[in-house]
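Remarks on the structure that follows.
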There are 2 protein chains.
Amino acid sequence: MSQIVNRRDLDFVLFECLEMERLFQTDRYSAFDRAGIEAVLDTAQAIAEERFLPFASTLDANEPKFVDGKVEIMPEVGQALAAFAEAGFFAAGMDEAQGGLQLPYVATSAINGLFTAANLGVASYAFLTTANANVIAAFGTDDQKARFLPPMLEGRWFGTMCLSEPQAGSSLSDIRTLAEPREDGTWRLTGSKMWISGGDQEISETIVHLVLARTPGAPPGVKGLSLFLVPKHRIGPDGAVGERNNVELAGLNHKMGHRGTTNCLLNFGEKGECVGELVGGLNKGLAHMFHMMNEARIGVGHGAVMSGLAGYLYSLDYARTRPQGRHPQDKDPTSPQVPIIEHADVRRMLMAQKAAVEGGLMLSAYCAILVDRQKTAVDPEDAAQLGLLLDLLTPIVKSWPSEYCLEANKLAIQVLGGYGYTRDYPVERFYRDNRLNHIHEGTWAIHGLDILGRKVRMQDGAALNLLVGRLNEIIAEAEAAGDFDEETAGLSGAIEALLQTTRIVVDCPDLNRGLANATLYLNAFGHVVVAGLWLWQAVRARKGLETGVSGDRAFYEGKAAACRYAFRYMLPDALTGFSVVRSLDDTCLSLTAEQFVGT
Amino acid sequence: MSQIVNRRDLDFVLFECLEMERLFQTDRYSAFDRAGIEAVLDTAQAIAEERFLPFASTLDANEPKFVDGKVEIMPEVGQALAAFAEAGFFAAGMDEAQGGLQLPYVATSAINGLFTAANLGVASYAFLTTANANVIAAFGTDDQKARFLPPMLEGRWFGTMCLSEPQAGSSLSDIRTLAEPREDGTWRLTGSKMWISGGDQEISETIVHLVLARTPGAPPGVKGLSLFLVPKHRIGPDGAVGERNNVELAGLNHKMGHRGTTNCLLNFGEKGECVGELVGGLNKGLAHMFHMMNEARIGVGHGAVMSGLAGYLYSLDYARTRPQGRHPQDKDPTSPQVPIIEHADVRRMLMAQKAAVEGGLMLSAYCAILVDRQKTAVDPEDAAQLGLLLDLLTPIVKSWPSEYCLEANKLAIQVLGGYGYTRDYPVERFYRDNRLNHIHEGTWAIHGLDILGRKVRMQDGAALNLLVGRLNEIIAEAEAAGDFDEETAGLSGAIEALLQTTRIVVDCPDLNRGLANATLYLNAFGHVVVAGLWLWQAVRARKGLETGVSGDRAFYEGKAAACRYAFRYMLPDALTGFSVVRSLDDTCLSLTAEQFVGT
């Protein structure tokens, strides 16, 4: 069994549920077929397993160091990324016109997931580079694209996203970094950026920072932010890497997890002139960044899934082989010990992991294929609807796996017992790594406010209606298949609770009070969506049982059981969550700072 | 505000809720009064804050090393423990007759908690020593007590508990370590012990291991285990520390948290004769160990509370001072940022922490004072009833805080955002530390089986009846106080669900199926107990509001709000949990190993 992926499950999600083959009938993806996608996944899996996975634990224990102003890092990191580059994966998702392979996003997402599960500290350098290149491709000038994209897509230059500052994390409107015009049309950057992943390293020839900054006279708040392309070295008109550009590494942050990726405090223009180029329109910086944000957030959720999956696969393998204890009814201490998967609670913990990670995978893959469907929609109205649906699902795909796949990692540790709590086994690392996902790319709370304060209200609830329509299609397919009465009734009831709760909050004249439990709403909403996706999986698994090969029987039966688990053990939490939200309870909101501890 | 304790809350729990002063009317504790206990707590707090807390983070980053067969550890560890010893805390709970201070257990538990919150990696050496000394005091011969107790109570010798082996963690019946009789009445030990906290160090003059081992011809399983006192050095008849006793450090385990305490693989008698003394009766080893187990497990739960509390206090302080963002209705980016405690979801996260850690503190203190009441009961029938109640509550006090105070630590990280995820702030350390508590002293699953498979069935449900009686007393007190209709109705309903669920499971002829969701039962049961204890706190807070000093108003109002939170946000989860348990659902139990991933 691979430690990073269950390819049978990935195939099931991509082809049997999401019907990815329909994408190949579109102009954009007509060059691909199922065999081609599977071959790319084979290549990615081989590189991930052979070049990324072997040193993941060592890298975690030997995080990058800040020595004489430079970053020291294990040489295996650069070697692994060179293999990634050589296979063309930096350019996997980029348009052919820009020199890319133009793979569907759902495929590049699956590819990226393999590298996340194998060694996310290394993979992050690549993901940041492609995200950065996507922004340049979307908003850069032809000249910028010509100079920056080829070396980035070849994996020779890496990229970063520089948004946060020490005093401005969640509150981007308080960004202070300044960009002042120079005579030649370029800009002079000054300021500090915090939490910059990949912000410095000595692996790539240079680093291309995308920096949110404020220009003189710009409006206050986020409406006055512009986006600048600020390389670590000056880049000549011919694309040659020149002298340093006064982007200084001021310090490395030392995190609980994600230790393989440098995370930096960067100073721009502190010791000399730091020159940047405007990307896109003046004061459009945040909008340009957010153009990529849906994909970035799907990426975070998918990353949470893959860390969860890595823990699930590891603990499942352990549970099958570790002998310990006997069945409750076996009182004979001389009888042989059983593999711990025989114990009911170990099975429960494995099932909880399965429901979270396979449910999360279906969620992230569904959102990813919506991106592709939006890109390939012929009718602009279809594209708009797909965009709306995606906007609504983005806070969910970001947050639900960040919670429940972290819980899965917690259970993976528990399955291994004392061993799982040591650094000799990878499960505690997955747990530490996964804890970040609720924090970066918007905290859990921010996504709660986003969905309840904005997304469900857009166009009079149009996005919510679209989603409910999709869930009802799943219910209809389940009813047609028969024998899913428990699930269809459960999902219908949960949808009703979701709609009723939403109405009550939207109608609440007191905005603060209505949003007081927005995070709980987001959490409950996530359970409803994931339950719907589990039902979808169960219905398709039934079809597989009826028409598939007999060797798949256990796989499909496992899907049916996991669907029951999702409905019986998880979905009820949505109902209790919605109850709290629609009661407009202000127990927490109304507490004063003094009342928490009495002083 | 102290970073390790809210003394106002501790006073409230000990004196206003648990009426600790009633203990001082018993013979055993007649030497104490409230002022005396508070003075001891003052001393403990000062030592914890001045000698333990300052290097907690440094110790975590510089864990003990295995160098040339010995343990290298920061010298501050020994210095802190010397201060702990000098204040007499090694002997705090021991009987006067044995040279101890004979403090109530609930007081020593509170004292220990301060050191846990300050630096649990250091405190563990002391806790293990006193637990060990308690076993010797209970079951040792007069000669053993005379030789071993004085140096242990002076903190010159430390102690350990050696139960687990590499192949026998949860399954103690598979212990293989052998003890063979020597001619002089002592025993020759051979075997390996795993996960031994404090198993080696160079701080104390020697180490007293209490080792579970099997004697030749002993019955199989746990009924053939005896307990041996095995010192690191041979101890002369006069108590002099002699040559090494062939207890060899084979390796240190490197854990996710708890890094300050050595955790060892020890080999006994591998390279030469290792001599031990029998403690207590032959084949009574596990029974003797379990004599101390209730207290050990209360200690684990209380430790989880204190790690949770440390995170709560830190994140509360941070939330009061960190400016970030604005209220939802404030759209002006030039207005000043507000402290993040102004944000609804930050308040929710702080309240969730408060409900968990203050609820957990009440739970662990309640169990601790039951130990004292049992010890001081005049009527043997009373003592037996208190023992039954304590037996029932032990799996809950061990497990509920291990879950919900870990969740509290997760939220403390979230409150700090990106900063919380770095090792520059202590909250991620608390989270890593706290993750152990579901694993040691019996895993979560084992406590689930213990409560549902054994404890609620004891004497035809006598323990459960006692607990329900106690909860009904709280309900009666709340009804007399008035204005707690929501809570009394909620608690009564939850008790009914608990009883009904218990009946269905106990009546289930299929033992495995009945116990399949025992962990969920334990979790839901914990919510019911903690809700009852929150109602108790709220009723006493009302009394405080009516009769106390006005400066306490905010404190008491906070208690009332936290009680509402416990009933509205947490207790409903008990009802969904009981629903699953009483449905006797076998979704997880019936899954085969193949169905998890299809192969």
Might you check whether a residue that is in a loop (DSSP other than H, G, I, E, B), at positive phi and among the charged types (D, E, K, R) occurs anywhere in the range A:17-26?
-> yes
Taking the range B:187-222 and keeping only residues that are within 14 Å of chain A (Cβ to nearest Cβ), charged (D, E, K, R) and out of contact with any Cys (no Cβ under 8 Å at 6 or more places or on another chain), one is left with B:214
Please state which one of A:495, A:504 is more than 12 Å from chain B (Cβ to nearest Cβ) and open to solvent by less than 20 Å² (accessible area, probe 1.4 Å).
-> A:495
Output for Cβ contacts, cut-off 9 Å, separation at least six or different chains, first residue more than 8 Å from chain B (Cβ to nearest Cβ) and part of a loop (DSSP other than H, G, I, E, B) in the range A:334-357, second among the polar types (S, T, N, Q) and surrounded by 17 or more Cβ atoms within 10 Å (Cβ to Cβ), reads A:338/A:324
Of these, B:382, B:391, which one is touching a residue at least 12 places away in the same chain (Cβ under 8 Å), over 20 Å from residue B:118 (Cα atoms) and surrounded by fewer than 24 Cβ atoms within 10 Å (Cβ to Cβ)?
-> B:391
Assess whether residue A:557 counts as being at the interface with chain B (Cβ under 8 Å from one of its Cβ atoms), acidic (Asp, Glu), assigned to a helix (DSSP H, G or I) and free of Cβ contacts under 8 Å to residues at least 24 places away in the same chain.
-> yes
Residue among A:296, A:319, A:287, A:304 that alone is within 12 Å of chain B (Cβ to nearest Cβ) and assigned to a helix (DSSP H, G or I) | A:319
Could you list, in sequence order, all residues of the range A:1-55 that are of a type in the set (D, E, K, R) and open to solvent by less than 40 Å² (accessible area, probe 1.4 Å)?
-> A:9, A:11
Among the candidates A:587, A:547, which residue alone is free of Cβ contacts under 8 Å to residues at least 40 places away in the same chain, farther than 21 Å from residue B:523 by Cα and buried (at least 24 other Cβ atoms within 10 Å of the Cβ)?
-> A:587
For residue B:478, indicate whether it is open to solvent by 30 Å² or more (accessible area, probe 1.4 Å) and modelled with pLDDT of 95 or more.
-> no
For residues in the range A:507-517 being part of a helix (DSSP H, G or I) and within 12 Å of chain B (Cβ to nearest Cβ), which is surrounded by the most Cβ atoms within 10 Å (Cβ to Cβ)?
-> A:514
In the range B:560-576, which residues are open to solvent by less than 20 Å² (accessible area, probe 1.4 Å) and within 9 Å of chain A (Cβ to nearest Cβ)?
-> B:561, B:562, B:565
Among the residues of the range A:550-559 satisfying the criterion of being of a type outside the set (Lys, Arg) and over 23 Å from residue A:401 (Cα atoms), which is surrounded by the fewest Cβ atoms within 10 Å (Cβ to Cβ)?
-> A:550
Take the residues in the range A:364-377 that are free of Cβ contacts under 8 Å to residues at least 40 places away in the same chain and among the aliphatic types (A, V, I, L, M), then tell me which one is least open to solvent (accessible area, probe 1.4 Å).
-> A:370
Being among the β-branched types (Val, Ile, Thr) and assigned to a helix (DSSP H, G or I) is the filter; apply it to the range B:438-484 and report the residue that is farthest from the other protein chains (Cβ to nearest Cβ).
-> B:468
Here the qualifying pairs (Cβ atoms under 8 Å; residues six or more apart or on different chains; first in the range A:46-65 and without any contact (Cβ under 8 Å) to a residue 40 or more places away in the chain; second not in a helix (DSSP H, G or I)) come out as A:58/A:74; A:62/A:74
For the subset of the range B:307-328 comprising residues that are touching a Pro at 6+ places or on another chain (Cβ under 9 Å) and of a type in the set (A, V, I, L, M), which member is surrounded by the most Cβ atoms within 10 Å (Cβ to Cβ)?
-> B:310
Checking residue B:268 against (1) buried (at least 20 other Cβ atoms within 10 Å of the Cβ); (2) touching a Phe, Trp or Tyr at 6+ places or on another chain (Cβ under 9 Å), which single condition isn't satisfied?
-> (2)
Filter result for the condition that a residue is within 25 Å of the chain's Cα centre (by Cα), more than 22 Å from residue A:473 (Cα to Cα) and within 10 Å of chain B (Cβ to nearest Cβ), over A:520, A:589 = A:520
Does the range B:427-434 contain at least one residue that is more than 29 Å from residue A:325 (Cα to Cα) and open to solvent by 10 Å² or more (accessible area, probe 1.4 Å)?
-> yes
Among what's in the range B:56-92 and is farther than 24 Å from residue B:113 by Cβ and acidic (Asp, Glu), pick the residue that is least open to solvent (accessible area, probe 1.4 Å).
-> B:72
Matching residues in the range A:418-437 - criterion: being among the small types (Gly, Ala, Ser) and either within 7 Å of chain B (Cβ to nearest Cβ) or under 22 Å from residue B:420 (Cβ atoms) (or both) | A:418
Scanning the range A:1-27 for residues that are within 14 Å of chain B (Cβ to nearest Cβ) and more than 19 Å from the chain's Cα centre (by Cα) gives A:1, A:2, A:3, A:7, A:8, A:11, A:12, A:16
Yes or no: residue A:361 crowded, with 24+ Cβ neighbours inside 10 Å, more than 10 Å from chain B (Cβ to nearest Cβ) and either touching a helix residue (DSSP H, G or I) at 6+ places or on another chain (Cβ under 6 Å) or of a type in the set (Lys, Arg) (or both)?
-> yes
Does the range A:526-543 contain at least one residue that is open to solvent by 30 Å² or more (accessible area, probe 1.4 Å), modelled with pLDDT of 95 or more and away from every other protein chain (no Cβ under 12 Å)?
-> yes
Of all strands (runs of 3 or more DSSP E) fully inside the range A:107-197, the set with 3 or more residues that are more than 19 Å from the chain's Cα centre (by Cα) is A:178-181, A:187-197
Report the residue count in the range A:232-246 for those that are modelled with pLDDT of 95 or more and either within 14 Å of another protein chain (Cβ to nearest Cβ) or in contact with a Gly (Cβ under 8 Å, 6 or more places away or on another chain) (or both).
-> 5
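The values are calculated or read from the model by the stated rules, or taken from the named source; none is laboratory data. What you see is a predicted model, and the numbers here were worked out from it, not measured in a lab. Heads up, the Cβs are rebuilt from the backbone with ideal geometry, glycines too, and the neighbour counts pull from every protein chain shown. Only protein heavy atoms, including side chains, enter the accessible area calculation; ligands, DNA and RNA are left aside. Shrake-Rupley method; radii C 1.70, N 1.55, O 1.52, S 1.80 Å.
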